[in-house]
Amino acid sequence: MENTYNPAEIESKWQQSWTEQNLYKTDITSSKPKYYALSMFPYPSGNLHMGHVRNYVITDVVARQKRMQGHRVLHPMGWDAFGLPAENAAIERGIHPATWTYQNIAHMRGQLQKLGLSIDWDREVATCSPEYYRWTQWIFLKFYEGGLAYQKDGMVNWDPIDQTVLANEQVDSEGRSWRSGAIVEKKALKQWYFKITEYAEQLLTDLEQLSGWPEKVRIMQANWIGKSIGANLEFPIVGTSEKIAVFTTRPDTVYGVSYVVLAPEHPLTAQVTTSEQKAAVDAFVEEIKSQSEIDRTAEDKPKRGVATGAMAINPFTGAEVPIWIADYVLYEYGTGAVMGVPAHDVRDFKFAKQYQLPINQVIAAPDRDSSEPLAAAYTDAGTMINSNQFDGLDSVTAKQSIIEYAEQQGYGNGKIQYRLRDWLISRQRYWGVPIPIVHCPKCGAVPVPEADLPVKLPEDVEFTGKGGNPLAQLESWVNVPCPTCGTPAKRETDTMDTFVDSSWYFLRYPDAGNDKQIFDPNITNDWMPVDQYVGGIEHAVLHLLYARFFTKIVRDFGAGDKGKTSGALRSGSPTMEVRQDKFLNFDEPFKKLLTQGMVQATTYKNPQTGKYISQNTIFDVNNPIDPTTGDRLEVSFEKMSKSKYNGIDPEEVLGKYGADTARMFILFKAPPEKDLEWDEADVEGQFRFLNRMWRLAIGYKPTTANTGELSKSEKDLRRFVHHAIQAITEDLDGDYQFNTAISELMKLSNAITDADCKDSPVYADAIETLMLLAAPFAPHMTEELWQLTGHSGSIHEQAWRQFDPAALEADEITLVIQIMGKTRGTIQVPATKDSATLEAYARESAITKKFAEGKEIKKVIVVPGKLVNFIIG
C-alpha cells in the first residue's frame, strides 16, 4: 500500500469516479425519510472565494452524514445569474452578458467540483436561462392576476452609477447603493411593485414557526416588518375642506399637539403654503431632494423645517396649530404627516426647542411635579393631565379610550400599520427577467399570454453604458401588437429585481427539469420545506423575507393551476377569490437556518491615509511599516477582500494542501456561525492530521472477530470509539459543532495510536470507525482508504455508526478520597454506583487509614462514580 498521502492524485481520481458513477443523484423512488440540504446559490462572478468554500462545505458535511444515516438527500446547486456585473462586464469588455455569465458558471462549477461536494448536478438551474425565467414571468402574471403586482408613479431610489432603481432595503445606512456604493438620489418614475404588505401579518406571526432560525434573524425580520398599533387621526386645515391624516402609536398624547408636520413631498405642502412662505418652502423642498433618507432620519442629525404659514385644528381641543414641513418626515412612510407632541417625543422635543414651538405636557410622570417645565421629552407611561375627560387615567388605558372617542366623534379610527413597504421590483437594466406586460394605447397594461412565455431577452443589443436601459432603445423588440386587440403597442422595458429570481429557486430544484409546469406540486411538497439552509447573515432581511413572501403566495395558488393562469390567489385581499385548495402544503420555506460567519484574514492599514497595504510590500510583518510613507501600520483581521490585499485564493490552497485539508480547516477553525480567521499554520496542522490518519489506516490489518474476553486495552479503545461516535453524532445532529467533531476525530486517532492491541478486531473496528466518522469531512481520502483496506462499495454509502451505551461503561473508576472536603488522594476501584460499596472501598484504602486513623468518622458523603468525603469529629 502507498505510504504517502497524495491529495492531488486521490482527489482527482475520486471526483472523476463519483461523476461517472452519478453517486449523488437524488433518490426519488425510495421510502427513506427525506432531507433537503441547501446553500444559498452564488452569483457566478467567475472566481470562488473562501466564503463560498465555507458555505458549501458546511452543507456538504450535513448532506453526506444524512445519507449515511439512511436519508434520501436532495443537495442541489444553481446560479443567481442575472444582475448588473454581467452588464457592466459587457460594457467594459465588449462581450455579451450571457457569454460572460455562462463562461463564469462553467469555471465556478469546476471549482466547486474540486471541493468534492456531493451535489446532484442534474438539478442545476441558472436564473438567466429562459427555461427558468419563463416560470419567473409566469409567477409575475399570477401576482398580476391576483392584484399583487401593480404599477404606480412615485419617488424612487435612483443609483446614478448603475442607472437603476433600488428598493429601500438596497440602500445602506449611509444612503449608498448596496452594490455600486453611489449616494442614492430621489427620482420620480412609474414603477412596478409587489404588494408584500398584503402578507405583512402572516410574515410577522409565522416567525413563531421558525424555531430552527437564529433569534437575531427573526428579530431583524420582525423589526423590518415593524408592526405598529395605533390610530389614524385627522386634523382639519383652517380655511379649506381638506384634512391632514396622521398615524400615531401614541393617541394618548393627542391633547399635547402643538404643531403638525408634512413631508416636503406631501401633495398638501404646495396647497397649504401661503404666498408669504412660498419662497422659503420651495427652497427647502428643493434642498431636501438631494438628501438621502438616512440623512433625513438619523437620530444624531439636527431636525430642520420651515413653516408653511397655514394652520390646522386639533379636533380634540379645538385649538389652531401651525403646519410645518420638516426633513425628518418621509412621504413614503405612514401618511406622510405627523402630529408634533414635543413633551412626549424626543424628535419633536428637539424640533420644538429649535423653532420655539409650544411644549404641552399631557402625561405626568410618577413622583414628579408636572407644573415644572420639562428638561427632556417624557416618553414613558404615566397619568393623563390636561386632557379633558381623560384626566386621571393611566396613559396605557387612555390610548384605547381616546381611539374609541375619536371614532365616535369622527376624528379618526384605530389602525394597525407596518413599517414594511411594498416591494419595488422595476430595474432599468438589460440583464434581468423581462416583465411580461405590453402597454396598449387602448387596453392599457396587458399581460403577455402564457403561451407566449418566456418573453426572451433580445441578443442584438448594444451596451454603451449610456442612455439608461438598452431594451428601451431596441425598437424591433419594444414595438409589438397588443395581445388583446392587435393595436400597435409597446413592451414593458423594465426588468425585474434579481431578488425576484432568488425568491423561489428552492421550489424548482425538486423538479428542475419540468418543462410543462413550474414544478409538480406533489414532488415539491414531498421535498419541501428545506431542512437545512445555509447562507450569510447579510441576507437576513432581503432574500429571506422575499423568499418567505413568495412561498406564501405560491402556496396560495389554487392546486389546480399547475402552470395555467386560470386560477386565483388565496389571500386577505377582497379582490381575490378564496380557494379551499392550495398549491403548496407548507407555510415557510426553510425549517432550519444557519448563518455562517465571515472568513477573515490579516490586513495592514495605514491609519493616517486610510489605505490598505499589501503584505508582499512589507519588510517585517512583526513591525509593519508603510513602505511609501514610513507610517506604522495597524494590523487586524477583516473580511477577505482584494481591495484590502488579504484575499486567499482557494485554488492555491487546494493546489498546495488538497480539498480535504481545506474542508477540515474551514470547519475546525471556528464554530460555523462565528467569523473565521485565516491562519496557514492551522491549515498545515489539518494537513498533518490527515497524514497521521492516512498512516494509521493503511497500516492496520483486518482480523476475524475475537470471541474471547477483551483485554483492558481493548476495552479502553472500544470505549474511546463509542464515545467518539456519540460525541460526533451529537455535534452533527444538533447545532453543528463541526470544530468539536473534528477535535473528537483527533482524540480517537490519538487513542488508536496509543492502543496496545494492534492485532485485535477491536483495533480494526476503531480504524474503520475513524474512517467512517471522518468521511463527511474528508471525503476523498476516506474513500481512497476504504478501498485500499479491502472494502467494497463507496464509504459514503455505508451506514453511520451507532454508539453502544454499554461500551461506554468502564470496568474501573478513579475514586477521589476527601477528608473534611480536602482531597487526599485517589484509588482505582471496580465500577459501581452503589454508595455503600464505594464507601467500603474508601474506608479500606490506605489513604483513609493514614488521614483518619484513630479519629471518629461522624458523617460520610458519597458522590457515586466520583468521590467519598469523610467528615471527622
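Can you give the FRET efficiency for D206 and D394, using 1/(1 + (r/R0)^6), R0 = 35 Å, r = Cβ-Cβ distance, to the nearest 0.05?
That gives a FRET efficiency of 0.55.
Of the peptides 587-594, 663-670, how do they stack up when ordered by the mean number of other Cβ atoms within 10 Å, highest first?
So the peptides 587-594, 663-670, ranked by packing, come out 663-670, 587-594.
Suppose only helical runs count, i.e. DSSP H with n ≥ 4. What mean residue ellipticity at 222 nm does that imply for the chain under -39500 (n - 2.57) per run, divided by all residues and rounded to the nearest 500 deg cm²/dmol?
Mean residue ellipticity, 222 nm, calculated: -10000 deg cm²/dmol.
On a 0 to 90 degree scale, rounded to 10, what angle separates helix 395-409 from the longest Cα axis of the chain?
40 degrees
Run the quick spin-label model on D834 and A376: label points 7 Å from Cα toward the beta carbon, then report their separation in nm to one decimal.
6.9 nm
Assuming R0 = 45 Å, can you tell me the calculated FRET efficiency for the pair K758 and A681, based on Cβ-Cβ distance, to the nearest 0.05?
FRET efficiency, K758 to A681: 0.90.
Taking R0 as 45 Å, what's the FRET efficiency between Y150 and D631 from their Cβ-Cβ distance, rounded to 0.05?
With a Förster radius of 45 Å, E is 0.20.
Roughly how far apart, in whole Å, are the Cα centres of segment 587-608 and segment 822-867?
If you average the Cα positions of each part, the centres end up 53 Å apart.
Putting +1 on Lys and Arg Cβ atoms and -1 on Asp and Glu Cβ atoms, find which of P830, N88, I666 reaches farthest to the positive end of the dipole of the chain.
The one lying farthest along the dipole's positive direction is P830.
Mind pulling the angle between the C-alpha long axis of helix 278-288 and the longest principal axis of the chain? Nearest 10 degrees, somewhere in 0 to 90.
Approximately 20 degrees, to the nearest ten.
Only four residue types carry charge here, +1 at the Cβ of Lys and Arg and -1 at the Cβ of Asp and Glu. Report the dipole size of the chain about the Cα centre in Debye, rounded to the nearest 20.
So the dipole magnitude of the chain works out to roughly 700 debye.
Can you compute the modelled spin-label distance between K25 and K186, with each label point 7 Å from Cα toward Cβ, in nm?
Simple spin-label model gives 5.9 nm for this pair.
Which listed residue (Y763, V57, Q409) has the Cα farthest towards the positive end of the charge dipole for the chain, taking +1 on Lys and Arg C-beta and -1 on Asp and Glu C-beta about the Cα centre?
Y763
May I ask what percent, to the nearest 5, of DSSP beta bridges between residues of the chain are antiparallel?
75 percent
Looking at W800, V346, A280, which one has the Cα that reaches farthest to the positive end of the dipole of the chain (charges on Cβ: Lys, Arg +1; Asp, Glu -1)?
Positive-most Cα among the choices belongs to W800.
Which shape class, rounded, prolate or oblate, goes with segment 31-147 when its Cα gyration tensor gives a ≥ b ≥ c as root eigenvalues, a/c under 1.5 marks rounded, and past that a/b bigger than b/c marks prolate? The partial results should precede the final answer.
On the way: a/c = 2.74, a/b = 1.30, b/c = 2.11.
The shape class here is oblate.
Report, as a whole number in µm² per second, the diffusion coefficient that Stokes-Einstein gives for segment 400-524 at 37 °C and 0.692 mPa s using the Kirkwood radius over alpha carbon pairs.
On the way: Rh = 18.4 Å.
D = 178 µm²/s.
Within segment 91-194, how many Lys pairs sit with Cα atoms under 20 Å apart, leaving out pairs fewer than 8 places apart on the same chain?
So the count of such lysine pairs works out to 4.
Please list, or write none, the lysines whose alpha carbon is within less than 26 Å of the alpha carbon of K611, excluding same-chain residues fewer than 8 places away.
Qualifying lysines at Cα under 26 Å: K639, K642, K644.
What's the exposure ranking of D60, D282, going from fewest to most Cβ atoms within 10 Å?
So the ranking, lowest neighbour count to highest, is D282, D60.
How would you order 398-407, 828-837, 238-247 from highest to lowest mean count of nearby Cβ atoms within 10 Å?
398-407, 238-247, 828-837
Run down the lysines and flag those whose C-alpha is under 23 Å from the C-alpha of K243, throwing out any fewer than 8 positions away in its chain.
K278, K399, K415
For T249 and D515 in the same chain, what is the full-extension length gain: residue separation times 0.36 nm, less their Cα-Cα distance, in nm?
Value of the extension gain: 90.7 nm.
Taking a ≥ b ≥ c as the square roots of the Cα gyration tensor eigenvalues, with a/c under 1.5 meaning rounded and otherwise prolate when a/b beats b/c, else oblate, which class fits segment 812-872?
prolate
Hey, what's the per residue convex hull volume over the C-alpha atoms of the chain, in cubic angstrom?
Given the Cα convex hull of the chain, per-residue volume reads 273 Å³.
Every read-out reported here was derived from the displayed coordinates using simple, explicitly stated rules and does not represent laboratory data. Every value quoted in this text rests on a predicted model; they were computed, and no experiment measured them. Virtual Cβ from ideal backbone geometry, glycine too; neighbours counted across all protein chains shown.
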